[in-house]
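Quick notes on the structure that follows.
Every read-out reported here was derived from the displayed coordinates using simple, explicitly stated rules and does not represent laboratory data. Remember, predicted model here, so these are calculated numbers, not experimental data. Neighbour counts are summed over all protein chains in view; Cβ atoms, including those assigned to glycine, are modelled from backbone coordinates with ideal geometry.
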Amino acid sequence: MLELIQAPWPWYVSGAMISLIMILMFFFGKTFGFSSNFRTICAACGAGKKAKFFDFDWKTQQWNLLFLIGSVIGGYLSANYLNNGQPLQLAESTIADLNSLGITFDGMMNPLQLFGTENLFNLQGFLTLLVGGLLVGFGSRYAGGCTSGHAITGLSNLQLPSLIAVIGFFIGGLAMTHLIFPLIF
Amino acid sequence: MSKSEAISWYRIQEMFRFQSFHMYGIIGTAVAIGVISIFFIKKYQLKDIEGKVIVIPDKEKGWKKGIFGGTIFGMGWAVTGACPGPMFVNLGQGYLAFLLIIVGATIGTYAYGVFKDKLPH
């Protein structure tokens, strides 16, 4: 039983659990949307004095911050107690594509080449991480949500603005992957 | 998300290259179950723990913010291999570099708040 839990989980289990979280949130009178946590963090840091967008009672969003903390804990628990130590089974074609960009596949969740802590201390690594984060933060607020709010909740609720957002996500992701990566890696 | 590797940068690269069904399977399953669940929640006017009928707010109308914001988000998603949730899960897994990504995302969110009135919606 433990081996089953420690092995990677199939997509249908994960998808079902994500949906379950969304539904549980509804029954607690909330909606599933993670990126608004960044808005809350800005507001909690006093951004409400600089821009009206952050001028709201952020304490009403504490439940979502708890979810955020929970996700950190979840990551810790799964890495340390629910890991079977086997390398990630990545598609051969992806491994080959990454190799041609000069990125080695190391069998972990994220390439240490890009996400190892030493990257915080060299200019290319630092800029990649910072700018990547900037794009996600700016883009998700502009679009009014990220994958949880739009791709999962919005699409489940048959919201056209969410479909448009998801199309945007893919335009951006595909452009970056196919057009820009070969230029920067 | 950790156990299904949805937090993995590698899996996101696979997804944007259409080289595996995995990520589409995760999102597709979640949405399929979600559509059916929301249908029943609305049809039977199910109530939450406070006894109030569950109301799921509609998203704001307008296509510009979705396409422009979405595209910017997607670019960041491909670079970091993480959307907001996974940023924190990866931090829990021990990837301290995500702290910088999280700082970037917070600054990005702040920048949006400051400039939003100048952006097309």
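The rows are residues; the columns are (1) of a type in the set (Asp, Glu); (2) more than 9 Å from chain B (Cβ to nearest Cβ); (3) assigned to a helix (DSSP H, G or I).
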{"residue": "A:LEU4", "(1), (2), (3)": "no, yes, yes"}
{"residue": "A:PRO8", "(1), (2), (3)": "no, no, no"}
{"residue": "A:ALA16", "(1), (2), (3)": "no, no, yes"}
{"residue": "A:ILE23", "(1), (2), (3)": "no, no, yes"}
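Regarding region B:3-24, can at least one residue be identified that is among the β-branched types (Val, Ile, Thr) and more than 21 Å from A:PRO87 (Cα to Cα)? The answer is no, given that none of the residues of region B:3-24 is among the β-branched types (Val, Ile, Thr) and more than 21 Å from A:PRO87 (Cα to Cα).
Which one is nearest to A:GLY15 (Cα to Cα) among residues in region B:33-66 that are among the aliphatic types (A, V, I, L, M) and assigned to a helix (DSSP H, G or I)?
In the first step, residues of region B:33-66 are kept if they are among the aliphatic types (A, V, I, L, M); the result is B:33, B:35-36, B:38, B:41, B:46, B:49, B:53-56.
Next cut, assigned to a helix (DSSP H, G or I) only: B:33, B:35-36, B:38, B:41.
Details: B:ILE33: 8, B:VAL35: 13, B:ILE36: 14, B:ILE38: 15, B:ILE41: 19 Å.
Taking the candidates together, the pick is B:ILE33.
Of all the numbered requirements in (1) in contact with a Leu (Cβ under 6 Å, 6 or more places away or on another chain); (2) at positive phi, A:LEU129 misses one, and that requirement is (2).
Taking region B:1-32 only, how many residues are under 17 Å from the mean Cα position of the chain (by Cα), part of a helix (DSSP H, G or I) and within 7 Å of chain A (Cβ to nearest Cβ)? Before the answer, list the steps.
Step one: list which residues in region B:1-32 are under 17 Å from the mean Cα position of the chain (by Cα), which gives B:1-2, B:4-9, B:11-13, B:15-16, B:22-32.
Right, trim to part of a helix (DSSP H, G or I) and you get B:9, B:11-13, B:15-16, B:22-32.
Still in the list and also within 7 Å of chain A (Cβ to nearest Cβ): B:9, B:13, B:16, B:22, B:25-31.
Number satisfying all stated conditions: 11.
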